[in-house]
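Enquirer: This is the structure I want to talk about, given as structure tokens.
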Amino acid sequence: MVFDFLKGEFIDVISWLDDTRDTMVWRFDRRGQAIKMGAKLTVREGQAAVFIHEGQLADVFGPGLYMLETNNLPILTTLQHWDHGFQSPFKSEVYFVNTTRFNDQKWGTKNPIMARDPEFGPVRLRAFGTYSMRVTDPGKFIQEVVGTDGEFTADEISFQIRNVIVQSATQVLAKSGIPVLDMAANTADLGKIIANAIAPQVGEYGLSIPEFYIENISLPEEVEKAMDKRTSIGVAGDLNKYMQFNAAEAMGQPGSAMGAAMGAGMGAGMGMGMAQNMGPWGAAPSAAAPPPPPPAPPPAPTARVWHVAENGATSGPFGEAELARLAAEGRLSRASMVWSAGQDGWKMAAETDLARLLDSVPPPPPKP
């Protein structure tokens with residue numbers, strides 16, 4: 001009876017109570033890794049227990065309560081060449097694997113993705129989002145990733161998963177052919193394509209990606225500013241009215257440079273008018289003095305011509321009549337890059353005087 005009592009006192013209880021939120025694998029430590037035959041193994045929901053015997057993957061247990069005997073340790077029994085029940089301690093390492101989801105994992109492109117947009121041409125894109133991961137094959141995860149690490153956290157694998165995601169996201173976004181302005185409406189479909197693309201490689205680690213989200217796809221800051229300016233012009237409609245409105249608003253702001261300049265110009269104009277009325281030396285004009293000759297008419301304005309950039313080459317110069325024809329043929333749009341003498345570099349047509357011309361071009365005729 002004393003022997004039976006001592007034998008019961010020394011029976012092992014192998015379990016893991018996880019009080020962290022990021023631990024994926026925890027090794028059950030026992031002096032000398034000696035586990036008594038007949039020990040109790042408790043595997044809770046969301047866990048798996050992996051036995052490593054002399055460096056080899058032995059048995060994997062799912063949730064449940066087990067009495068460790070030769071009949072429920074088939075692989076370990078084969079490795080030990082046990083032909084019958086064996087009551088002595090055996091040496092084996094036990095790793096508990098967390099099989100629940102690890103949510104809110106971050107991913108993002110470190111460098112911009114070069115893509116060809118059907119409307120803007122070559123563009124640089126950035127993307128970021130979140131995903132969740134879980135261990136689906138505990139034995140493979142121990143063999144391929146964890147090794148002999150006694151406590152393995154999600155941060156240790158998330159960096160590698162991000163590299164896999166970014167590589168696939170770069171290829172998917174660059175080959176999608178979806179215009180940048182329409183990508184926001186297709187993030188769900190793009191996310192599914194990326195998740196399917198990374199599934200085989202992630203599966204080699206014994207993992208799966210149950211959820212994958214693209215939160216944002218953005219352009220460089222300078223391009224977004226240009227788009228905001230283009231949107232403002234589109235909202236204003238007539239470019240001349242838009243400029244007049246800006247000038248009037250600047251004049252109404254006290255202390256502004258434009259208001260001061262406009263005030264000085266008006267004062268100078270009033271002074272010149274008064275001087276003409278006063279005559280020479282400030283005296284009133286004589287009744288017999290002949291009226292001043294009329295000013296010479298200004299020279300006739302030279303028609304402005306434009307050059308158009310298309311498919312990496314320039315064409316032109318074009319007058320307004322030719323540009324109207326190009327717009328009607330669909331070869332000139334508000335996003336087309338144009339240049340004219342005196343202009344500071346190439347600009348979108350919507351940012352120039354051509355906006356007025358483009359607004360007057362009728363849309364394509366309705367389909368019969």
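The values are calculated or read from the model by the stated rules, or taken from the named source; none is laboratory data. Everything quoted here is computed from the prediction, not taken from an experiment. Note that we place each Cβ from the backbone using ideal geometry, even for glycine, and neighbour counts take in every protein chain shown.
Enquirer: For region 47-76, how many residues are surrounded by 14 or more Cβ atoms within 10 Å (Cβ to Cβ) and modelled with pLDDT of 60 or more?
Expert: Within region 47-76, residues that are surrounded by 14 or more Cβ atoms within 10 Å (Cβ to Cβ) and modelled with pLDDT of 60 or more number 18.
Enquirer: Taking only pairs six or more apart or across chains, which ones have beta-carbon atoms under 7 Å, a first residue in region 128-152 that is farther than 13 Å from F102 by Cβ, and a second residue that is among the acidic types (D, E)?
Expert: F128/E215; G129/E215; E144/E204
Enquirer: Moving on. Regarding K192, is this residue without any contact (Cβ under 8 Å) to a residue 40 or more places away in the chain, farther than 30 Å from R334 by Cβ, exposed (fewer than 14 other Cβ atoms within 10 Å of the Cβ) and not hydroxyl-bearing (S, T, Y)? It would help to see each step written out before you state the result.
Expert: Working: without any contact (Cβ under 8 Å) to a residue 40 or more places away in the chain: yes; farther than 30 Å from R334 by Cβ: yes; exposed (fewer than 14 other Cβ atoms within 10 Å of the Cβ): yes; not hydroxyl-bearing (S, T, Y): yes.
It is true that K192 is without any contact (Cβ under 8 Å) to a residue 40 or more places away in the chain, farther than 30 Å from R334 by Cβ, exposed (fewer than 14 other Cβ atoms within 10 Å of the Cβ) and not hydroxyl-bearing (S, T, Y).
Enquirer: Can you say whether L173 is at pLDDT below 90, surrounded by fewer than 16 Cβ atoms within 10 Å (Cβ to Cβ), assigned to a helix (DSSP H, G or I) and not β-branched (V, I, T), as far as the supplied structure shows?
Expert: Judged against the criteria, L173 is not a match.
Enquirer: Something else now. Tell me which residues, restricted to region 342-353, are more than 16 Å from A226 (Cβ to Cβ) and either part of a helix (DSSP H, G or I) or touching a residue at least 24 places away in the same chain (Cβ under 8 Å) (or both).
Expert: Initial filter on region 342-353 (more than 16 Å from A226 (Cβ to Cβ)): 342, 353.
Within region 342-353, D353 is the sole residue that qualifies.
Enquirer: E151 - would you say it is under 41 Å from the mean Cα position of the chain (by Cα), modelled with pLDDT of 85 or more and outside the structural domain of K175 (by TED's automatic domain parsing)? Even if it seems obvious, please write down each step before you answer.
Expert: Values: under 41 Å from the mean Cα position of the chain (by Cα): yes; modelled with pLDDT of 85 or more: yes; outside the structural domain of K175 (by TED's automatic domain parsing): no.
Here the answer is no, as E151 does not meet what is asked.
Enquirer: If you don't mind, there's one more thing I want to ask. State whether the residues of region 108-117 include one that is modelled with pLDDT of 90 or more and within 30 Å of A349 (Cα to Cα).
Expert: Checking region 108-117: not a single residue is modelled with pLDDT of 90 or more and within 30 Å of A349 (Cα to Cα).
Enquirer: Assess whether V145 counts as being crowded, with 17+ Cβ neighbours inside 10 Å, touching a strand residue (DSSP E or B) at 6+ places or on another chain (Cβ under 9 Å) and under 30 Å from F51 (Cβ atoms). Full working, then the answer.
Expert: Values: crowded, with 17+ Cβ neighbours inside 10 Å: yes; touching a strand residue (DSSP E or B) at 6+ places or on another chain (Cβ under 9 Å): yes; under 30 Å from F51 (Cβ atoms): yes.
Criteria met by V145.
Enquirer: OK, next. For region 1-28, what are the residues that are modelled with pLDDT under 80 and outside any helix (DSSP H, G or I)? Outline the logic, then answer.
Expert: Within region 1-28, the subset modelled with pLDDT under 80 is 1-12.
Within region 1-28, M1, F10, I11, D12 qualify.
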